[in-house]
Amino acid sequence: MISREDFMFTIGYDGDTAVVDGKSRARYGKLTTTQLIEEGLYRSAFASALYSGNASELEAFEAAFNAKAGTSYRGAEAFKRLFGVQVDEVRRVLVL
């Protein structure tokens, strides 16, 4: 299973290998979902909330994002599509 930090900063996939932005992971990987939102890292914040599996964390992200962006996205599926984030089977991680 891929770690939370790797999942938050995955920039793409090459087969079953996740390609991770190592510089961003090192700088922001330990931040909470709320802290990521405060930093303006919305894609990573959504990935963090999704990885947690915590409904209240996803709802908090949704409220914060919609308030900032002036949008009305609802539910994890809408944000998965918006940010291009999905939970996928990963066997390897390649850090760039």
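All of the numbers you see were taken from the coordinates with simple rules; none came from a lab. What you are looking at is a predicted structure, and each value in this text was computed from that prediction instead of being measured. When we count neighbours, we look across all protein chains shown, and the Cβ atoms used for this are built from the backbone with ideal geometry, even at glycine.
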Which condition number in (1) within 10 Å of the chain's Cα centre (by Cα); (2) buried (at least 19 other Cβ atoms within 10 Å of the Cβ) is the one that Q86 fails?
(2)
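If a residue has to be in a loop (DSSP other than H, G, I, E, B) and of a type in the set (A, V, I, L, M, F, W, C) to count, how many in the range 1-16 make the cut?
Applying the first criterion (in a loop (DSSP other than H, G, I, E, B)) to the range 1-16 yields 1-3, 9, 15-16.
Still in the running and of a type in the set (A, V, I, L, M, F, W, C): 1-2, 9.
Number satisfying all stated conditions: 3.
I need a count of the residues in the range 15-47 that are of a type in the set (S, T, Y) and under 18 Å from A69 (Cα atoms). Quick ask: steps written out before the conclusion?
Going residue by residue through the range 15-47, those that are of a type in the set (S, T, Y) are 17, 24, 28, 32-34, 42, 44.
Now narrow it down to the ones that are under 18 Å from A69 (Cα atoms): 33-34, 42, 44.
Qualifying residue count for the region: 4.
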Under 7 Å by Cβ, and 6 or more places apart or on different chains, what pairs join a residue from the range 31-42 that is free of Cβ contacts under 8 Å to residues at least 40 places away in the same chain with one that is of a type in the set (F, W, Y) and not in a loop (DSSP other than H, G, I, E, B)?
T33/F61; L36/Y28; I37/F61; E39/Y28; L41/Y28
Pull up the range 1-17, narrow it to residues that are among the aliphatic types (A, V, I, L, M) and surrounded by fewer than 22 Cβ atoms within 10 Å (Cβ to Cβ), then point me to the one that is farthest from the chain's Cα centre (by Cα).
M1
When the range 48-81 is checked residue by residue, the ones that are loosely packed, with under 15 Cβ neighbours inside 10 Å and part of a helix (DSSP H, G or I) are A55, S56, E59, A63, N66, A67, K68, A69, E77, A78, R81
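Restricting to the range 1-37, count the residues that are of a type in the set (D, E) and within 25 Å of S56 (Cα to Cα). Steps first, please.
Quick first cut of the range 1-37, residues of a type in the set (D, E) only: 5-6, 14, 16, 21.
From what is left, the residues that are within 25 Å of S56 (Cα to Cα) are 5-6.
Selection size over the range 1-37: 2.
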